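Notes follow the structure.
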Amino acid sequence: MNQTKVNLLNYDHQALKNYFESLNEQSFRATQVFKWIHQYGITDFTKMSNLSKSLRERLKSLTEIQPPVIAYTQHSQDGTCKWLIKLSDGNCIETVYIPEDDRGTLCVSSQVGCALNCSFCSTARQGFSRNLTVAEIIGQVWLAVRALSEQEGFHDKKITNVVMMGMGEPLLNFEAVISAMQIMRDDNAYGLSKYRITLSTSGLVPEMEKLREACDVALAVSLHAPNDDLRNILVPINKKYPLEQLLPVCKKYFNKEPRRKVTFEYVMLAGVNDSDAHAKELVKCLQGIPCKVNLIPFNPFPETLYQCSSRTRIDQFSKILMQAGLITITRKTRGDDIDAACGQLVGRVEDKTQGSRKRLIAIRSARHLQQLTEN
Ligand code: SAH
């Protein structure tokens with residue numbers, strides 16, 4: 001009988017050690033395999049030359065190393081690279097690589113679709129399908145490392161930073177996201193420091209309270225509005241966790257390390273949240289919180305009613321914040337010509353929140369897949 005094999009990509013270092021223990025194998029063997037998988041990108045047990053032949057055969061019979069697959073790659077004129085990644089159940093997600101002079105940032109997805117329904121985000125349009133597994137989350141990093149090393153013109157491009165800012169709400173897939181980030185941090189895998197991994201959340205207060213203990217990384221919070229009335233519309237989870245609950249958690253988040261700051265993301269929507277009055281209200285809101293503000297020019301997508309604020313409006317908004325002493329950075333829009341910018345990631349999703357298997361929502365990346373199957 002053909003038993004399903006255990007996918008070792010689902011295990012962080014500790015989980016892999018536990019698994020080896022359950023097989024009565026020594027724990028340092030788990031570390032060796034962990035390195036083969038993540039540092040050398042090896043999926044074939046026969047190539048793991050420091051393991052005995054019998055262990056290799058045993059692993060081969062019980063386990064596999066199965067990353068998702070890249071279905072389609074797109075390159076932006078600005079060097080940004082977007083991969084459409086196909087999962088074993090046919091769902092697709094997107095992962096984006098953003099090269100800059102001094103760093104290379106990988107934007108990783110945590111769910112297929114998203115349940116949170118933020119009104120200005122295209123991922124929200126497609127509804128929620130399911131959480132990604134650890135293998136599918138860390139698999140994006142695994143694939144990107146390999147793809148960059150093989151892609152012409154990208155050989156020298158490294159992943160120095162990871163942002164959990166792709167599709168989905170990472171804190172609604174807590175356990176898997178934590179394990180995946182632990183693998184990113186592990187010196188036997190990707191060895192990224194806690195300052196170089198950023199988790200972005202729409203503000204799930206209970207999970208934020210657990211996050212710091214579970215895995216210490218940089219935190220970004222999608223604020224987008226300086227008061228509850230407006231935030232209830234833009235980020236509806238605010239009705240459950242209003243500002244009076246969210247802001248105190250942000251204030252104390254890094255209280256043991258006063259030099260670290262929470263980043264507040266604020267999407268600039270023309271005529272919606274971008275007036276001088278909003279800026280002043282935001283200053284009040286953030287008083288006493290060790291933080292930075294990241295202004296994100298709105299990235300449009302088909303059928304959205306929002307528009308991005310003008311450059312002068314963004315500059316004026318930013319000036320008010322800076323004059324009040326807030327560190328404010330306007331995020332550069334990258335990869336928008338390939339729909340890889342913030343809020344433009346869609347993948348292709350079967351919308352289970354609508355209860356209909358037939359309801360495949362037509363979205364842009366679906367077209368890419370279609371092109372693929374036509375060619
Ligand atoms: N669910 C997480 C990660 C989302 S993506 C979160 O809410 O934080 C990362 C950032 O892009 C978030 O701040 C999100 O609000 C923002 N974003 C979403 N749609 C956008 C759009 N169309 N234009 C600009 N930023 C957008």
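A few notes on this one:
- Any chance MET208 is crowded, with 20+ Cβ neighbours inside 10 Å, in a helix (DSSP H, G or I) and more than 16 Å from the ligand (Cβ to nearest atom): no
- Cβ pairs under 6 Å, 6+ apart, first in segment 216-238 and at positive phi, second part of a loop (DSSP other than H, G, I, E, B): HIS224/VAL235
- Those residues of segment 288-305 which are more than 8 Å from the ligand (Cβ to nearest atom) and in a loop (DSSP other than H, G, I, E, B), in sequence order: GLY288, ILE289, PRO290, PRO302, GLU303, LEU305
- Lone unmet requirement of (1) within 15 Å of the ligand (Cβ to nearest atom); (2) surrounded by fewer than 24 Cβ atoms within 10 Å (Cβ to Cβ) for GLY203: (2)
- Odd one out for GLU213 among (1) more than 10 Å from the ligand (Cβ to nearest atom); (2) buried (at least 20 other Cβ atoms within 10 Å of the Cβ): (2)
- Qualifying residue in segment 339-349 (condition: surrounded by 13 or more Cβ atoms within 10 Å (Cβ to Cβ), away from the ligand (no atom under 16 Å from the Cβ), at pLDDT below 70 and at negative phi): yes
- Within segment 113-141, the only residue that satisfies the criterion of being near the ligand (Cβ under 10 Å from one of its atoms), in contact with a helix residue (DSSP H, G or I) (Cβ under 6 Å, 6 or more places away or on another chain) and not hydrophobic (A, V, I, L, M, F, W, C) is SER119.
- Within segment 278-303, residues that are without any contact (Cβ under 8 Å) to a residue 12 or more places away in the chain reach partners that are of a type in the set (A, V, I, L, M, F, W, C) and within 10 Å of the ligand (Cβ to nearest atom) with beta carbons closer than 7 Å, at six or more positions or on different chains, in the pairs PRO300/CYS308.
The values are calculated or read from the model by the stated rules, or taken from the named source; none is laboratory data. These numbers were taken from a predicted model, which means no experiment stands behind them. Glycine gets a Cβ as well: all are built from the backbone with ideal geometry, and neighbour counts include every protein chain shown.
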